[in-house]
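Nothing in this text is a laboratory measurement; each read-out follows from the coordinates by a stated rule. From a predicted model like this one, the values you see are computed outputs, not experimental measurements. Neighbour counts run over all protein chains shown; Cβ positions are idealised from the backbone, glycine included.
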Amino acid sequence: MEATEEIWELRLYVAGKTAKSVMALTNLKKYCEEHLKDKYVIEVIDLLLQPQLAEGDQILAIPTLVKKVPEPIRKIIGDLSNEEKVLVGLNIRPAKK
Amino acid sequence: MDLQPSEHNKFVHRTLPKTQTGISGLDEITGGGVPKDRPTLICGAAGCGKTLFSMEFIVHGAMKFNEPGVFMAFEEKAEELAINVASLGYDLQKLQEDKMVRLDHVHIEKSEIEETGEYDLDGLFIRLGHAIDSIGAKRVVLDTIENLFSGLHNEGIIRAELRRLFGWLKEKKVTTIITGEKGDGMLTRHGLEEYVSDCVILLDHRVTNKISTRLLRVVKYRGSVHGTNEYPFLIDEDGVSVLPVTSLTLHHDVSSERIPTGVSGLDKMLGGKGFFIGSSILVSGTAGTGKTSIAGAFVNETCKNGQRCIYFAFEESPQQIIRNMKSISVDLQEHVGKGLLKFHAARPTLNGLEMHLVVIHKMVKEFRPDVVVLDPITNLITVGSVSEVKSLLIRLIDFLQSEQITVMFTALTLNDNVTGQTDESISSLVDAWLMVRDIEFNGERNRGLYVMKSRGMKHSNQVREFVIDDSGLELVDVYLGPDGVLTGSAREAEQLLEKTGVVLRDHAVSLKDREIERKKMILESKINSLKQEFDSFQDDLNKTYVEEELRKSVLEKNRSELTRKRDGAAGEIEDTL
C-alpha cells in the first residue's frame with residue numbers, strides 16, 4: 001500500500017450498548033488490527049448521549065461505521081459481520097482482485 | 001326558519017380527538033382535522049401536492065395553533081424546502097429561529113452505504129426524537145419515508161423498523177403526517193398504508209380533456225365520520241385550499257326579502273318587487289337577446305343599493321363588458337372603482353370544472369358578495385359533460401343559497417330547442433327562470449321576455465317586449481292586435497294606426513253631433529208651427545162659440561120682448577140688456 005502515512009479516521013455510531021453495537025465494535029477492532037495496524041483512529045459515538053450528532057453524518061441506521069478519511073466518505077451499516085464487505089467499504093481491499 | 005323542535009335533547013358524541021390541519025376545507029371534510037397523536041398517510045402520484053400539504057400542516061400548526069413541528073425531509077434539502085414555500089409567503093427561516101419549526105433533511109445515498117449484517121434504524125429514531133424534544137414538537141411530517149426503501153437493501157428490517165417507528169411516534173404523542181408515492185394497484189409503492197391504519201388521504205391529479213383537476217379523497221378514517229367524496233383542491237398563491245363542494249343538505253335558511261332586478265318592468269312582472277334574496281335566477285335565450293344586458297342591469301342596481309357583487313365572465317373580458325354596458329347607460333366602472341363590484345374573467349378551459357367551482361368558492365368567501373353573476377354557464381360545457389356541469393351547478397347553487405347570495409346565471413339556448421330544456425337542464429334547480437327569445441316577424445327580430453317560472457311569488461304570464469336602447473333596458477307591453485302578437489315596428493305601426501283611428505272617430509262623432517243638433521232645430525221649428533196652427537184653430541172655434549152665444553141671447557131677448565108686448569097691459573118695458 002502506497003499511502004502508508006494515511007490515517008483511517010473511523011467513527012462508529014451506536015445507541016447504547018446493544019448486542020449489535022458491541023459486535024460491530026469487536027469486529028471493527030479485529031479488522032483494523034489485522035489490516036490497518038497503527039493507521040487508524042476509532043471514535044465511538046453513542047447517540048443516546050449525543051443525539052445532536054446524528055444529523056451531521058446523516059445517520060439512520062445503528063450501528064453505522066463512517067469512514068471520513070481517506071476520501072471518499074463511506075458508510076457501512078450493520079454489525080460488520082461480513083469481513084469482505086467491510087474491507088471493501090473501507091477501501092482496504094479493492095472490490096475485485 | 002327553524003325546523004328543529006324547540007326542545008330537543010341532543011346526544012353528544014364523544015369523538016376522536018383531532019388535530020386541526022389549518023388547511024382550509026380539509027378540517028371540514030374530516031370533521032376537525034387528522035387524528036391527534038396518530039400517524040396519517042397522505043399518498044398520491046408525483047406532483048400532486050403531498051409535500052405542500054404536509055408543509056402547510058407544519059406551518060399552520062406553528063402559526064395558527066402554536067404547535068411546533070418537525071419536518072423531516074427525505075427528498076428535498078431544507079434550503080430547497082424553505083425556498084419552495086417562501087413563494088406561498090411562509091418564512092421558514094423565521095419560524096426555525098423562533099423554534100417553532102425544525103427542518104431536518106435526511107440524506108440517503110445508496111452508493112455511500114454498505115450493508116453488512118444486522119442493523120436497526122435507531123439512528124433515525126434518535127434524530128427524530130432529538131428534533132422533537134428540542135422544540136417540543138406536537139406535529140411531525142415524514143416526507144417521503146419510502147425513500148428508505150430505495151436507500152437500503154434489507155426490506156425486512158425497514159418494514160419492521162417502520163412498524164416500530166409509528167408505534168413510537170404514537171407513544172411520543174405527536175401527530176404525524178407521512179407522505180407516500182402512489183404505487184401500482186396500491187395506495188403507496190411499498191404498502192405503507194399497512195402500517196398507518198388510522199387515516200389515509202389520497203391526492204390525485206387528474207387530466208381529462210387536457211384539463212387538470214386536483215382531487216382529494218379521505219380513503220379511510222378510523223373512528224370518525226368523514227366526507228367520502230373526491231374533493232377538488234386548489235394550490236395557488238395562498239397555498240392549498242380544499243373545498244367541500246358537495247351538496248350535503250337542503251337545509252339553508254330562506255329569505256322572503258326581495259332584491260330589485262334593475263329593470264322596472266321586470267320587477268312589475270315579478271309581483272312588483274323583484275327576485276327573492278338568496279334565490280337562483282336563470283336567464284336563458286338565444287344569441288344576442290340581451291342576456292348579458294339583463295345581468296348587467298341587475299349588477300348595476302345591486303351596486304347602486306350599496307351591495308356587493310361578483311361577476312364571473314366566461315366569454316368576455318371585464319373591459320369589454322364595461323364598455324358594452326356603457327352603451328346602454330349602465331356604468332359598471334363606477335362600481336368597480338368603489339370596490340362594490342368585482343370581475344373575474346376566465347376562459348372555461350383555463351381550469352377543470354371543479355377548479356372553477358373552487359375558484360368561485362374562494363372568491364365568494366373572500367369578497368362576501370350579495371349577488372353573484374355567472375355569464376354564461378353554457379360555456380362551461382366545453383370542459384365537462386352535461387351531467388358534470390349540472391352537478392357543479394347544483395353544488396354552486398347550494399353553496400350560494402346557504403350563504404344567502406343571489407345568483408344569476410345566463411345560458412345560451414340554441415334556436416332548435418327553445419322549448420324549455422336548457423342545455424344544462426338546470427331549469428329545475430333554479431328558483432326563477434327568465435326567458436328571452438327572438439320574435440321574428442315582419443322582416444325583423446325583436447326580443448320578447450317572459451317569466452317561465454318564479455317560485456313563491458306571483459308573476460306575470462305575459463310575453464313582454466324587451467327593448468334595449470341608449471337609456472337602458474325597458475319592457476314594453478306586447479301589442480295584441482287583431483292579427484296576433486305584434487312587436488317592434490309592427491307594434492309601432494299598429495299603435496299609430498290605432499291613434500289615427502281615434503282621431504277619425506272623434507271627427508266622425510263631431511259630425512254626427514252637429515247633425516243631431518240640426519235635426520233637433522228642425523223638429524223644434526216644426527213643433528212651433530204646429531202649435532201656431534193649433535192656436536189659430538182654437539181661436540176660430542172660440543169665435544164661433546161666442547157668436548152662437550150672442551145670437552142665442554139676442555134671440556132670447558127678442559122672444560121675451562115679443563111675449564111682453566103680447567101681454568101688453570102692465571107693459572112696462574124692461575131693459576133686458
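Remarks
- Segment B:18-242: C-alpha gyration tensor shape, a/c 1.5 cut-off, then a/b vs b/c: rounded
- Taking the longest Cα principal axis of chain B as reference, the axis of helix B:353-367 is set at about 80 degrees.
- Calculated diffusion of segment B:258-477, Stokes-Einstein form, Kirkwood radius summed over Cα pairs, 25 °C and 0.890 mPa s, µm²/s: 142 µm²/s
- For chain B, the longest principal axis of the C-alpha atoms and the axis of helix B:122-135 are separated by about 50°.
- Dipole moment magnitude, nearest 20 debye, the protein assembly as shown about Cα centre, only Lys, Arg, Asp, Glu C-beta charged: 1060 debye
- Hydrodynamic radius of chain B by the Kirkwood approach over all distinct alpha-carbon pairs: 31.1 Å.
- Footprinting exposure proxy ranking of B:Leu350, B:Leu332, fewest other C-beta atoms within 10 angstrom first, gives B:Leu350, B:Leu332.
- Sorted by Cβ neighbour density within 10 Å, fewest at the top, the residues B:Ser529, A:Ser81: B:Ser529, A:Ser81
- Relative to the longest principal axis of the Cα atoms of chain B, helix B:386-402 runs at roughly 80 degrees.
- Extended-chain gain in nm, criterion 0.36 nm per residue less alpha-carbon gap, B:Val386 and B:Val502: 36.3 nm
- Sorting B:265-277, B:119-131, B:495-507 by average packing, meaning the other beta carbons within 10 Å per residue, from highest down gives B:119-131, B:265-277, B:495-507.
- Set B:Lys268/B:Lys458; B:Lys36/B:Lys173; A:Lys20/B:Lys170; B:Lys342/B:Lys390; B:Lys94/B:Lys173 screened for pairs whose C-alpha atoms are more than 18 Å apart: A:Lys20/B:Lys170; B:Lys342/B:Lys390; B:Lys94/B:Lys173
- The trypsin sites (Lys or Arg not before Pro) of segment B:66-102 meeting both criteria, a DSSP state outside H, G, I, E and B (loop) and at most 16 other C-beta atoms within 10 angstrom of the site's C-beta, are B:Lys77, B:Lys99.
- Label-point separation, B:Ile522 to B:Ser134 (7 Å along Cα→Cβ), nm: 12.7 nm
- Spatial extent of segment B:477-544: Rg and Dmax, with the Cα atoms as the point set, Å: 26.6, 84
- Using bins of 5 Å that start at zero, the share of Cα-Cα pairs per bin across segment B:41-134 amounts to 3, 11, 20, 23, 18, 12, 7, 4, 1, 0, in whole %.
- Only the Cβ atoms of Lys and Arg (+1) and of Asp and Glu (-1) were treated as charged; on that basis the dipole of segment B:258-477 about its Cα centre amounts to roughly 620 debye.
- Separation of the B:Asp236 and B:Asn154 label points, Cα + 7 Å toward Cβ, nm: 5.1 nm
- In segment B:258-477, a dipole from Cβ-located charges (positive for Lys and Arg, negative for Asp and Glu) runs towards its positive end, and of B:Thr410, B:Val371, B:Ala346 it is B:Val371 whose Cα lies farthest in that direction.
- Kirkwood hydrodynamic radius (C-alpha pairs) into Stokes-Einstein, the protein assembly as shown, 4 °C and 1.567 mPa s, D in µm²/s: 39 µm²/s
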